[in-house]
Amino acid sequence: MKIQLSKVCFGLPTKSFFMDYTVSKKRELPVVKEFVIRLIYSLSSTSLETIQDYFGLTSKEILAIVDDLQEENLVEWEGGKIKLTYYAMSKFTEEDGNLRPTFFEVTDEVSPVEFELYSFQMLSADVKRSGSQDFSISLSLPDECYRNLLNKAQSAFDSNFNLFRELVLKEDVFSEIKELYKINQVSDRYDSTLPLEVEYFVDTDSPNILKMEYVSNTVDEWDEEKAMFSLMDSTIEVDSIKDQHNSFNEYLEASNNPLIIQYWDDNSRTFNIKALVNHYENGLTKLNDDTFMLLGNFYTENNRDIITGRLKARFEDKPENSGLIWLTNAESKTWGKTTDLSKLVDEIYTLFDKRKKTSKVVLGMACESYPESMTLRNNFWKLSNAELMDLPNKFGGEDAEFMIIPGLMVASLFHVQLDDKRDISFPVGYVSFEPKFISEVSNKLLHWTTLQPKYNDFFEKKDVKEEQKIRNKHFMPILQQN
């Protein structure tokens, strides 16, 4: 069984170029001209009358044909007889046991072509359309990748001309013979970014081993050697393994999670992920029909379907309560770097009655400075249906994450650190639609919120009135519905 933990979109730097080039392609002679050429070839040289009589042509017709052949440098006169030029003689090739002339013509063409700058692979239109770059982690390339770009583009185009014809021009390279004759000029166009979305997962056979693969089959085929994976890994490396003992205890205190304590080994200070995954696979990880375990980030497809599916059923009864508080894991390099984040936010937001003051989605993020808030704002500015609010600390400890719709739902995750250098956690938690769970956690958050000594309001506009701040205008009214 495959269990998706997260999706992450990486932005790979690319560049577009204009290619001015000349191609040579097979040129078919008109049938009469071809057979005149073949007759002369078989006779070495002959008179005009012989050709005229052989084909039954008029004097005017044979003169017109010979004039054309001379103009095309295919025949010439010698001693009153006509013969093939050296150029024409060299174009006879064997096809199905017969010798026949094959000629080529050259034409100039201009085409745009894009390359990614890491290994200079060519991009097709299908690859470029493979994902959205609204939420992505920029891949940092070595300085060498940005040097001598025109020369690299020319060399790559020269080496992969047939691939260019097939991928970019969508030509049938097998039925139409066309060769690159020469490259006339290469010029810059523009820089862009290619979104590469990957999913991180574990399976029940090896639950402690983090695996990854491309979400798009098109990209998977394009990067057949998975050359980008090592670049992705180096981008999201973490410095060290941390002790999660205190963090886990804080999470338990805040979340009331009834399901995961049995998987925590206090002596080794680690989770028994193998047992946890085994129980999850066999349906042994639920308290009842309204409280059950979640594995993976909230916005993974499976969890998104679970959360929104149950909420839709509850909103059919038009509940009094509305509004979502989402205490995020935005401190992670990889959290929310996928369009699945906006999908979940939008799906929940559409359930709310927009006439209510509480019908908002508020993302709470631990934030320690104004520059940090700007970075976070730039990361999530595409979330048009969400308000951003900074918090001085993290409710439930540094590895906790919560989603609460007071009176309707509470969900929480603990981000277990894997024995892996990449900043990908193993999120495990629960979702509950039981009033008791929802009320207890909501009250704990409300109490925690009022005890915070100071709010810096880094996300707020300058000189905004106190009652208009996100905390007072949306966050507290949503939370106090409980």
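Could you list, ordered by first residue, the pairs with Cβ atoms under 7 Å in which the first is in segment 357-375 and at negative phi and the second is of a type in the set (Lys, Arg) and crowded, with 21+ Cβ neighbours inside 10 Å, at least 6 apart or interchain?
Listed by first residue and then by second, the contacts come to Ala366/Lys394.
Counting residues that are open to solvent by 10 Å² or more (accessible area, probe 1.4 Å) and farther than 24 Å from Asn288 by Cβ, which strands (runs of 3 or more DSSP E) fully inside segment 374-441 reach at least 1?
In segment 374-441, the matching strands (runs of 3 or more DSSP E) lie at 387-391, 409-417, 425-432.
Going through Lys286, Lys312, Lys354, Lys343 one at a time, which residue ends up being touching a Lys or Arg at 6+ places or on another chain (Cβ under 8 Å) and either loosely packed, with under 15 Cβ neighbours inside 10 Å or over 30 Å from Gly131 (Cα atoms) (or both)?
It is Lys343.
Go through Thr338, Thr328 for me and flag whichever is open to solvent by less than 50 Å² (accessible area, probe 1.4 Å), in contact with a strand residue (DSSP E or B) (Cβ under 6 Å, 6 or more places away or on another chain) and within 23 Å of Tyr251 (Cβ to Cβ).
Thr328
Which ones in segment 84-95 are touching a residue at least 12 places away in the same chain (Cβ under 8 Å) and either open to solvent by 40 Å² or more (accessible area, probe 1.4 Å) or among the hydroxyl-bearing types (Ser, Thr, Tyr) (or both)?
Correct list: Thr85, Tyr87, Met89, Lys91.
When you look at Trp448, is it within 17 Å of Thr328 (Cα to Cα), more than 27 Å from the chain's Cα centre (by Cα) and open to solvent by 40 Å² or more (accessible area, probe 1.4 Å), yes or no?
When the stated conditions are applied, Trp448 passes them.
Take segment 440-472 and flag every residue that is under 21 Å from Ile405 (Cα atoms) and in contact (Cβ under 8 Å) with a residue 12 or more places away in the chain.
Glu440, Val441, Ser442, Asn443, Lys444, Leu445, Leu446, Trp448, Thr449, Lys469, Ile470, Arg471
Of the residues in segment 250-273, how many are among the aliphatic types (A, V, I, L, M), under 14 Å from Ala400 (Cα atoms) and in a helix (DSSP H, G or I)?
Residues meeting the conditions: 2.
Among the residues of segment 311-330, are any among the charged types (D, E, K, R), over 15 Å from Ile478 (Cβ atoms), free of Cβ contacts under 8 Å to residues at least 12 places away in the same chain and part of a loop (DSSP other than H, G, I, E, B)?
For segment 311-330, residues among the charged types (D, E, K, R), over 15 Å from Ile478 (Cβ atoms), free of Cβ contacts under 8 Å to residues at least 12 places away in the same chain and part of a loop (DSSP other than H, G, I, E, B): present.
Residues of segment 229-249 being part of a loop (DSSP other than H, G, I, E, B) and open to solvent by 60 Å² or more (accessible area, probe 1.4 Å), which ones?
Once the filter is applied, which keeps residues that are part of a loop (DSSP other than H, G, I, E, B) and open to solvent by 60 Å² or more (accessible area, probe 1.4 Å), segment 229-249 yields Asp239, Ser240, Ile241, Lys242, Asp243.
Restricting the search to segment 217-251, which residues are over 17 Å from Lys394 (Cβ atoms), of a type outside the set (Gly, Ala, Ser) and more than 20 Å from the chain's Cα centre (by Cα)?
If the condition is that a residue be over 17 Å from Lys394 (Cβ atoms), of a type outside the set (Gly, Ala, Ser) and more than 20 Å from the chain's Cα centre (by Cα), then Val238, Asp239, Ile241 are the ones that fit.
Would you point out which residue out of Ile306, Ile261 is in contact with a Leu (Cβ under 8 Å, 6 or more places away or on another chain) and either basic (Lys, Arg) or surrounded by fewer than 16 Cβ atoms within 10 Å (Cβ to Cβ) (or both)?
When all the criteria are applied, what remains is Ile261.
Would you be able to say whether some residue in segment 415-426 is within 35 Å of the chain's Cα centre (by Cα), under 12 Å from Ile325 (Cα atoms) and of a type outside the set (Asp, Glu)?
Scanning segment 415-426, I find no residue that is within 35 Å of the chain's Cα centre (by Cα), under 12 Å from Ile325 (Cα atoms) and of a type outside the set (Asp, Glu), so the answer is no.
Say we look at segment 96-150 and pick out the residues that are open to solvent by 60 Å² or more (accessible area, probe 1.4 Å) and closer than 20 Å to Glu179 by Cβ; which of these is modelled with the highest pLDDT?
Among those residues, the one meeting the criterion is Val110.
Name the pairs whose Cβ atoms lie under 8 Å apart, with the first residue in segment 136-157 and part of a helix (DSSP H, G or I), the second loosely packed, with under 13 Cβ neighbours inside 10 Å and not small (Gly, Ala, Ser), and 6 or more positions between them or separate chains?
Leu149/Asp188; Leu150/Asp188
Right, Ile37: buried (at least 18 other Cβ atoms within 10 Å of the Cβ), in contact (Cβ under 8 Å) with a residue 40 or more places away in the chain and more than 34 Å from the chain's Cα centre (by Cα) or not?
Yes, satisfied.
Scanning segment 160-181 for residues that are surrounded by 12 or more Cβ atoms within 10 Å (Cβ to Cβ) and either among the hydroxyl-bearing types (Ser, Thr, Tyr) or touching a Phe, Trp or Tyr at 6+ places or on another chain (Cβ under 8 Å) (or both), which turns out farthest from Lys128 (Cα to Cα)?
Across segment 160-181, the extreme among qualifying residues is Tyr181.
Does Leu57 satisfy the criteria of being out of contact with any Gly (no Cβ under 8 Å at 6 or more places or on another chain), in a helix (DSSP H, G or I) and more than 30 Å from Arg165 (Cβ to Cβ)?
The answer is no for Leu57.
Do we find a residue being among the hydrophobic types (A, V, I, L, M, F, W, C) and open to solvent by 30 Å² or more (accessible area, probe 1.4 Å) anywhere in segment 5-16?
no
Can you confirm whether Leu276 is open to solvent by less than 90 Å² (accessible area, probe 1.4 Å), among the hydrophobic types (A, V, I, L, M, F, W, C), in contact (Cβ under 8 Å) with a residue 24 or more places away in the chain and in contact with a helix residue (DSSP H, G or I) (Cβ under 7 Å, 6 or more places away or on another chain)?
Yes.
Mind listing whichever residues of segment 182-214 are outside any strand (DSSP E or B) and either open to solvent by less than 60 Å² (accessible area, probe 1.4 Å) or modelled with pLDDT of 95 or more (or both)?
Passing the criteria: Thr204, Ser206, Pro207, Leu210.
Got a number for residues in segment 101-122 being in contact with a Phe, Trp or Tyr (Cβ under 7 Å, 6 or more places away or on another chain) and assigned to a strand (DSSP E or B)?
Number satisfying all stated conditions: 7.
The values are calculated or read from the model by the stated rules, or taken from the named source; none is laboratory data. What you see is a predicted model, and the numbers here were worked out from it, not measured in a lab. When we count neighbours, we look across all protein chains shown, and the Cβ atoms used for this are built from the backbone with ideal geometry, even at glycine. With ligands, DNA and RNA removed, areas are computed over all heavy atoms of the protein, side chains included. Shrake-Rupley method; radii C 1.70, N 1.55, O 1.52, S 1.80 Å.
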